[in-house]
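S.K.: One structure coming up, written as structure tokens, with questions to follow.
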Amino acid sequence: MIRIAASILSADFARLGEEVKAVTEAGVDWIHLDVMDGHFVPNLTIGPDVVRAVRRHTPLPLDTHLMIEHPERFVEAFAEAGSDYISIHVEVVADVLSVLQRIRELGKHPAVVVNPETPFERAVPFLEHADMLLIMSVHPGFAAQAFIQSTLHKIRSAAEFRARHGLAFLIEVDGGIKVHNAAQVAAAGADVLVSGSGIFATTDYAATIMQMRRQAELAARKAQWT
């Protein structure tokens, strides 16, 4: 089953509640929230209060991606705000396992993230303890970047590793995903496709989501991972 996650980084923040409700009604599966601190990545975005506000406008799972230094200081606040999945970067956390365990103790789904230049192997020690691996297919920090084609190899490596070891973590891919490339990302082994401008920059959210899902699911069925 392919899940489509709408990244609100590309939404109209002046109408954020309406935008979240619109993509929910248009058939998206998750809402993806990018949290940036201006240190780990060169941008500032949202905090727990925005997550809490979004929670009021949708029943869908909230997928919170922490692009911040010292995420261990903030996971409880984001969990209390209504996040369902909380993702942390292997590049910035000293003790990844302990943070994943804390997220699970809070009743949430822990996830690990690797940047485009980070080898998949950096995530391997933690995949038994994570419910999801998030593979960045753009350099984190800004919306509307182009998909980095070389990350397809990393997606395939993750899917092969999961199958070989009998694990069940989801593979999420974030960055530059649009209707025209959703199929190749799904065929490589992705389960969750994060799309920001690929949805919010279109005029018909429902049609875009339906087309993205149809192409991704067809490609996934043809691939060996399903």
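S.K.: Can you give me the distance in nm between label points at E121 and E91, each placed 7 Å from the Cα along the Cα-to-Cβ direction?
M.R.: Each label point lies 7 Å from its Cα, and together they span 1.9 nm.
S.K.: In terms of modelled amide H atoms, which long-range or inter-chain residues lie less than 5 Å from the amide H of Q145?
M.R.: Counting only residues 5 or more places away or on other chains, the set is G176.
S.K.: Additional query: How far is it, in nm, from the label point at E80 to the one at E217 when both lie 7 Å from their Cα along the line to the Cβ?
M.R.: Distance between the two pseudo-spin positions: 3.9 nm.
S.K.: At 7 Å along the Cα-to-beta-carbon direction for both I148 and H129, put a label point, then send me their distance in nm to one decimal.
M.R.: Here the answer is 2.5 nm between the modelled labels.
S.K.: Report the calculated FRET efficiency for E18 and N43 (r = Cβ-Cβ distance, R0 = 30 Å), to the nearest 0.05.
M.R.: On the way: r = 24 Å, r/R0 = 0.78.
Approximately 0.80, to the nearest 0.05.
S.K.: Out of residues 5 or more away from L170 or on other chains, whose amide H comes under 5 Å of its own, with H placed 1.01 Å from N in the peptide plane?
M.R.: Here M132, L133 satisfy the definition.
S.K.: Let me ask you something else. In whole Hz and in residue order, list the ³J(HN,Hα) couplings for the range 50-55 that follow from phi through the Karplus curve 6.51 cos²θ - 1.76 cosθ + 1.60, θ = phi - 60°; x for Gly and Pro.
M.R.: 5, 4, 4, 5, 4, 4
S.K.: How big is the range 16-81 in terms of Cα radius of gyration and Dmax, in angstroms?
M.R.: For the range 16-81, the Cα radius of gyration and maximum Cα-Cα distance read 12.3, 35 Å.
S.K.: Which value at 222 nm does the chain reach when only helices count, each DSSP H run of 4 or more adding -39,500 (n - 2.57), with the total divided by all residues and rounded to the nearest 500 deg cm²/dmol? Working shown, then result.
M.R.: Values: 8 runs with 80 residues, N = 226.
When only DSSP H runs of four or more count, the value is -10500 deg cm²/dmol.
S.K.: Could you order peptides 157-166, 210-219, 109-118 by the average number of other Cβ atoms within 10 Å of their residues, highest first? Provide the component values of the computation, followed by the final result.
M.R.: Working: 157-166: 15.1, 210-219: 18.7, 109-118: 20.6.
Top of the packing list down: 109-118, 210-219, 157-166.
S.K.: Please report, to one decimal in angstroms, the Kirkwood hydrodynamic radius of the chain built from all distinct Cα-Cα pairs. Can you show the working numbers first?
M.R.: Numbers: mean 1/r = 0.0582 Å⁻¹.
Evaluated over the chain, this radius sits at 17.2 Å.
Any read-out appearing in this document is the output of simple, stated calculations on the displayed coordinates, not a laboratory observation. This one's a predicted model, so the numbers in the text were calculated from it and none came from an experiment. All Cβ positions, glycine included, derive from the backbone under ideal geometry; neighbour counts span all protein chains shown.
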